[in-house]
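Only one structure is covered here, and it is reproduced in the block below.
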Amino acid sequence: MGIRALAWTAVSSAAMTLASLAAAADAPAAATPAVATAAPLSPDNPFAAPSTLPYGMPDFKRIKDSDFLPAFEAGMAEQLREVKAITDNPAPPSFENTTLALERSGALLTRVKETFTNLNASNSDDALDKLDAEIQPRLAAHKDAINLDPALFARVDRLYQDRKHLLLDPESFQLMLRQHHIMVAAGAQLPEAAKAKLRACNTEIAELMARFRLNLLKANNDSAVVVDDVTQLEGMTPAEITAAADAATQRGLKGKWLLVLTNTTTQPFLAELRDRAVRERLYHAVVNRGVGGPDDTTGTISKLLRVRAERAKILGFPNHAAAMLAEETAGTPAAVDAMLRELTPPVRAAAMREQAALQQFIDKQAAANGAQPVQLQPWDWDFYAAQLRKASYDYDDAEAAPYFELNHVLQDGVFYAAHELYGLSFRERTDLPVYQPDVRVFEVFDADNKPLALFLADYFARSNKQGGAWMDNFVDQSHLLGTLPVIVNNLNVPKPPPGEPVLLSFDDVSGMFHEFGHALHGMLSNVQYRSLSGTNTPNDFVEYPSQFNEMWAREPAVLAHYAHHYQTGAPIPTELFNKIMAAQNFNQGYGYMERLEASWIDMALHEVGPDKVPAAKDIAAFESAALRKAGLEMAAVPPRYHASYFRHIFGDEYSAGYYAYIWAEVLARDTGEWMHQHGGLTRANGAVLRDKILSRGRTREPQELFRDFYGRDPQVGPLLDYYGLGPKKP
């Protein structure tokens, strides 16, 4: 999935009643003035002071659900007092009494917000979900109270106007510029009447996003496919069948089997289930979730699109996409559209070749069995693609899984690559409290054995954990604040029964490397100011280090180091290794097509004005029209997400931003090519990337950092070559 800590919105991940959400939504949202007089936080509250644990890691043993709300209220009140002290200062604005004071403000709120955001995503419960719905509108109002404060902006703007005379170091200059830009983008220069409308929009957006997250969670749970006859699960592994039976039993369906849905359109079981009718049921359950019924999300989506468009208009932009992209590396919707159009022809051509090859395979298979061939449908693609890959390369994931045991991948793959490139070492800590027994903690040391960070690995799926994979911070790096990073990686690997190994697919392996790329971006941060550190960069740059780090999963020197049989310790056979490498570019037209489709849907939905937003009943038709116009609509290749379950853009902070994965991967594959041109996995290459990119956060604008590293603007050729989608080379 990527990174989550990009904005003020926390993610909800467990059920609460619609009545509770409605009650929270009806409560007064603009509670900031009342919060300013909130009671002092009890010294017994674990957020009242910085944690005394190493690196300021939250003391999870002390934290109770009931601690969060008073800490939020006290944190907001404290920051408002700190801001008032800035605006009441009779001295003329200076970097120290305005910029630096604002950067230091909100320490308590930051502590509680980062912990709440992480726990509500990975270890939630009804109380945290209810608080999420209540607190998000209040946080939005609090943010507006600061960004739209005319007295504060007057001081920030005074420094900005005098910027040429401030004689600041480059990083401090960037901090001053960012503070001014953020307030302008938030509407600080608007007249008071417009600010009032903006505040109302921001509050409603926060409420609607919370409502979407709740309804999507319920839709995911309610749309799970119930199977009555175990013979219909033929093709699934015994462990998967047992897990499906356990899932059914947990929901009071003893004697049945439950296929639980993952976030995306494509489901893992679609590649395994031999019963075509069950595959079709599963596919329709996925694409119809959130459409109609008690879990409907489309009404919320339509309202959210309208309010986002209205907010953009208030801010002087033609649409939400233009407003959002002004903050991104891409800059404008036109730049994103141009990049997507450049990729569309080769990707569509590859997907069509793959579709023809699959249909031919189906026809030959039917002829050999004396059966009637079927017309390839979306619920068939993964099933027959797995067979064709095995026939073409004599390889399937089950054959390789014994060589991808989770701990070997982590220690001898992910950590090994980080050691070879950056000199890092990792020592497991079992003395620190965790929020779930499965969470592992590693202390990270630099090449000189200097403490660098804490890394938490939370890899197993749980019923109270949101789907997907992501990285986040519990503590950010900052020389000013004297803090080193505490970082967590989350996956959703099914936990096997006790005593059985955790064997991964190669996709899972790539996911581990991806998320650890985000972790490295946070760990290696070496900046003065928290707001510029680590992954505090635009979405279309923040995915760059993570997607670059994926390359080491398939790098021969790294793969050979971690791919050892979990029982015998034998290295992966050369023949199997070669099969894995040869099979990597198989079906990549499909894989990239579904991402392009989702990116186009996101952009199309957010490039309309408030009077052009589709009604709830018209959203599906709007999607189809957008894909046809882009030349991307293919019946057999559905988008990775349809709007009704597109959490990235309606529940998280990636609206008009899903393209970021593709945009950033252009940078990542350029960087991979640079690495190979300069000798591959070497400490010298890692030092260059660390110095130019990974340690810099947003101390310079991302496009400047990349040009300084690479020497030119990025190009799409290496990305196409990486997936075998480019023109054939002689």
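A cut-off under 13 angstrom between Cβ atoms defines the neighbours of THR682, and their net charge, with Lys, Arg +1 and Asp, Glu -1, is 0. For ARG429, the amide hydrogen comes within under 5 Å of the amide hydrogens of VAL441, PHE442, GLU443, counting only partners 5 or more places away or on other chains and with H modelled in the peptide plane. Structural descriptor for the chain: relative contact order 17 percent, calculated from alpha carbon pairs under 8 angstrom and at least 6 residues apart. Here the contact order of the stretch 401-583, divided by its residue count and restricted to Cα pairs under 8 Å and six or more residues apart, works out to 24 percent. By the count of other C-beta atoms within 10 Å, a proxy for reagent exposure, HIS142, HIS642, HIS565, HIS518 are ordered fewest to most as HIS565, HIS642, HIS142, HIS518. Exposed loop sites here mean trypsin sites (Lys or Arg not before Pro) with a DSSP loop assignment and at most 12 other beta-carbon atoms within 10 Å; the chain contains its longest site-free run at 255-711. The distance separating the Cα centre of the stretch 288-330 from that of the stretch 601-652 comes to 11 Å.
Helix 276-287 and the long axis of the chain differ in direction by around 10°, with both axes built from C-alpha atoms. Per-residue extension of 0.36 nm, minus the Cα-Cα distance of ASP59 and ARG427, leaves a gain of 130.5 nm for this segment.
Check the straight Cα-Cα distances from LYS617 and name the aspartates and glutamates below 14 Å, setting aside those fewer than 8 residues away within the same chain. By straight Cα distance, LYS617 reaches ASP296. The ranking of ASP602, ASP88, ASP144 by Cβ neighbour count inside 10 Å, starting from the fewest, reads ASP88, ASP144, ASP602.
Only aspartates and glutamates eight or more places from LYS197 in sequence, or on another chain, were considered; those with a Cα closer than 20 Å are ASP26, ASP144, ASP149, GLU207, GLU310, ASP611. Extension gain for ALA582-HIS565 works out to 4.1 nm (0.36 nm per residue, less the C-alpha to C-alpha distance).
Each Lys or Arg adds one and each Asp or Glu takes one away; over the other residues whose Cβ falls under 11 Å from the Cβ of GLU310, this sums to +4.
Note that the stretch 256-263 has calculated 3J(HN,Hα) couplings of 10, 10, 10, 9, 7, 7, 9, 4 Hz, one per residue in order, obtained from phi through the Karplus relation 6.51 cos²θ - 1.76 cosθ + 1.60 (θ = phi - 60°); glycine and proline are x. For the chain, a crude dipole built from +1 on the beta carbon of Lys and Arg and -1 on the beta carbon of Asp and Glu, taken about the Cα centre, is about 1080 debye to the nearest 20.
In the chain, taking the dipole from charged Cβ atoms about the Cα centre, the farthest positive-side position among MET593, PHE548, GLY569 is held by MET593. Here the stretch 224-287 is treated as a Stokes sphere of Kirkwood radius computed over C-alpha pairs; at 37 °C and 0.692 mPa s its diffusion coefficient rounds to 283 µm²/s. From the Kirkwood radius over Cα pairs of the stretch 401-583, Stokes-Einstein at 20 °C and 1.002 mPa s returns a whole-number translational diffusion coefficient of 125 µm²/s. Each of ALA366, GLY290, GLN267 was placed along the dipole of the stretch 257-408 (beta-carbon charges, centred on the mean Cα), and the one lying farthest toward the positive end is GLY290. About the centre of its Cα atoms, the stretch 224-287 shows a dipole size close to 160 debye [charges on the beta carbon of Lys, Arg (+1) and Asp, Glu (-1) only; nearest 20 debye]. Along the stretch 569-574 the Karplus relation, 6.51 cos²θ - 1.76 cosθ + 1.60 evaluated at θ = phi - 60°, assigns HN-Hα couplings of x, 5, x, 4, x, 4 Hz to successive residues, with x for each Gly and Pro.
Comparing Cα centroids, the stretch 507-535 and the stretch 471-497 end up 9 angstrom apart. Pairwise alpha-carbon distances in the stretch 64-207 exceed 22 Å for 46% of all pairs. Helix 192-222 axis versus longest C-alpha principal axis of the chain: approximately 30°, rounded to the nearest ten.
Charged neighbours of ALA245, selected by a Cβ distance under 13 Å, balance to -1 (K, R count +1; D, E count -1). So which aspartates and glutamates can LYS495 reach, going by Cα to Cα under 17 Å and dropping same-chain residues fewer than 8 places off? Within the straight-line limit of under 17 Å, LYS495 reaches these aspartates and glutamates: GLU240, ASP246, GLU405, ASP438, ASP458, ASP507, ASP508.
Each of ASP508, ASP129 was scored by other Cβ atoms within 10 Å of its Cβ. Arranged with the fewest first, they read ASP508, ASP129. In this calculation the C-beta distance from GLN189 to THR231 is compared with R0 = 56 Å, giving a FRET efficiency of 0.25.
Using a cut-off of 32 Å between Cα atoms, the listed pairs LYS143/LYS465; LYS61/LYS692; LYS579/LYS629 include LYS61/LYS692; LYS579/LYS629 as exceeding that distance. Could you check how many percent of all C-alpha pairs in the chain are farther apart than 52 Å? Tail of the P(r) past 52 Å holds 8 percent of the pairs. The string of couplings for the stretch 512-522 from the Karplus curve (6.51, -1.76, 1.60, θ = phi - 60°) is 4, 5, 4, 5, 6, x, 4, 4, 4, 4, x Hz, one whole number per residue in order, with x for Gly and Pro. Relative to the longest principal axis of the Cα atoms of the chain, helix 150-161 runs at roughly 80 degrees.
Read-outs: derived from the displayed coordinates by stated rules, not from any lab. Values in this document were obtained by computation on a predicted structure and should not be read as measured data. With ideal geometry, Cβ positions are generated from the backbone for all residues, glycine too; neighbour counts draw on all protein chains shown.
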